[in-house]
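Quick notes on the structure that follows.
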Amino acid sequence: MNASFLRLACLALGFLAALSAHALPQEAAVPGGVALVRLGSGAGRPQAWFGERRVAVVRDAKGWVALVGLPLALAPGEHALRVVSDGGEGSKTLRVAAKQYPLQRFSVPDHRKVEPPPEDMLRIEREQKRIDEIKSAFRDAPDIDTAFRQPAAGRLTGRFGLRRIINGLERMPHAGIDVAVPVGTPVHAAGSGVVVEAGDYFFNGNSVYIDHGQGLVTLYCHLDRIEVLPGEPVAAGQRIGLSGNTGRTSGPHLHWTVLLNGAAVDPRLFLPRTKR
Ligand SMILES: [Zn+2]
């Protein structure tokens, strides 16, 4: 083997490594964002926990990276990430900056969806338990798809994180983004994964949850029709249903949530930059 052949071979290997390198989400170390924490380049994949939650760890060209979902309710300041790697157990510091999300006021015609009567509470509590189960699940996977596509083409009408006053009452902040689409618009999986839940929910209407592995989950709400079943694997871009106006809505739209280690984070961080 001569030197120029070796150089060529190295170039080709470098090119292949760049091609297979993981496309990381954009970093936004704020509540509702994603922190990227470098964990070295050892042979084995390190494991990391943020509080009680195990977090996703992927590998890019430079080494291992923890993708830490930062809850909207997280206090700004320093937080610890617990890491277990070939080198033993340690801790990394995350610095989370403050972010003020705008206030939004709107009305929902079905007031029962805003101020549910006692007879609806049993159902709501049952559904919340199921949602908590999905949020706390960690399905290990060697690599995960984090380069998402917008699940439906349309104008973005509801940004992530908005603090909300609905029918004059203070409600939870907006945990996803809204895409304005007429009822019956095809909705596609943002990335490859497995359907973990599909059904009718009190607030979210007809909903589909897709588990992409390592605690990365996407949720599609207010659908008119669900076209997948729990347990079914889905490819990136696969049609999973039709958009609608079910659940707590002020009109037809698709609500899309991205959950990372149980925290709802801004879905736009997972879209190509041109979409932001
Ligand atoms: Zn929404």
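The values are calculated or read from the model by the stated rules, or taken from the named source; none is laboratory data. Model, not experiment: these values are computed from the prediction. Virtual Cβ from ideal backbone geometry, glycine too; neighbours counted across all protein chains shown. The area values use the complete protein model at the heavy-atom level, side chains included, leaving out ligands, DNA and RNA. Shrake-Rupley method; radii C 1.70, N 1.55, O 1.52, S 1.80 Å.
Pull out the extension gain between residue 126 and residue 225, defined as 0.36 nm times the separation in residues minus the alpha carbon to alpha carbon distance; nm, one decimal. Show your work: numbers first, answer last.
Values: separation 99, 0.36 × 99 = 35.64 nm, distance 2.23 nm.
Full extension from residue 126 to residue 225 adds 33.4 nm.
What Kirkwood Rh does the range 129-267 have if only Cα atoms enter the pairwise 1/r average? Answer in Å. Before the final figure, lay out the partial values.
On the way: mean 1/r = 0.0674 Å⁻¹.
Final number for the Kirkwood radius of the range 129-267 is 14.8 Å.
In bins 5 Å wide, starting from 0, what share of all Cα pairs of the chain does each bin hold, as a percent?
Going from the shortest bin to the longest, the percentages are 1, 6, 11, 16, 17, 16, 12, 8, 5, 3, 2, 1, 1, 0, 0, 0.
Using only Cα atoms, locate the centre of the range 84-119 and the centre of the range 145-195, then give the distance between them in Å, rounded to an integer.
Taking the Cα centre of the range 145-195 as reference, the centre of the range 84-119 is 14 Å away.
Round to the nearest 10 and give me the degree value, 0 to 90, for the angle of helix 118-136's Cα axis relative to the longest principal axis of the chain.
The angle comes out at about 0 degrees.
With the full set of protein chains in place, find how many percent of the accessible area of the chain is carbon and sulfur; take the probe as 1.4 Å.
Working: 7480 of 13610 Å².
Using a 1.4 Å probe with all protein chains present, the chain comes out at 55 percent carbon and sulfur.
Tell me the per residue accessible area of the chain using a 1.4 Å probe; a whole number in Å² is fine.
Numbers: 13610 Å² over 276 residues.
For the chain, the per-residue accessible area is 49 Å².
Quickly work out the residue 165-to-residue 235 label distance, labels modelled 7 Å from Cα along the C-beta direction, and quote it in nm with one decimal.
4.9
Using per-residue counts of other Cβ atoms within 10 Å, averaged over each peptide, order 153-162, 259-268, 128-137, 169-178 from highest down.
Details: 153-162: 16.4, 259-268: 24.9, 128-137: 13.3, 169-178: 18.0.
The most tightly packed comes first, giving 259-268, 169-178, 153-162, 128-137.
Measure off 7 Å from each Cα along the Cα-to-Cβ vector at residue 59 and residue 107, then give the distance between these two points in nanometres to one decimal.
Each label point is offset 7 Å from its Cα along the Cβ direction, giving 5.7 nm.
Place the peptides 71-83, 91-103 in order of packing, highest mean first, counting for every residue the other Cβ atoms within 10 Å and averaging per peptide. Write out the running numbers ahead of the final one.
Details: 71-83: 15.1, 91-103: 12.7.
Output ranking for 71-83, 91-103: 71-83, 91-103.
Please list, in order along the range 162-173, the HN-Hα scalar couplings obtained from phi with the Karplus expression 6.51 cos²θ - 1.76 cosθ + 1.60 (θ = phi - 60°), rounded to whole Hz, x for Gly and Pro.
3, 7, 10, 10, 10, 6, x, 10, 6, 10, 4, x
Place +1 on the Cβ of every Lys and Arg and -1 on the Cβ of every Asp and Glu in the range 103-275, take the dipole about the Cα centre, and give the residue among 147, 191, 177 whose Cα lies farthest towards its positive end.
Farthest towards the positive end: 177.
Could I have the simple spin-label model distance between residue 52 and residue 98, label points 7 Å from Cα toward Cβ, reported in nm to one decimal?
The two pseudo-label positions are separated by 2.9 nm.
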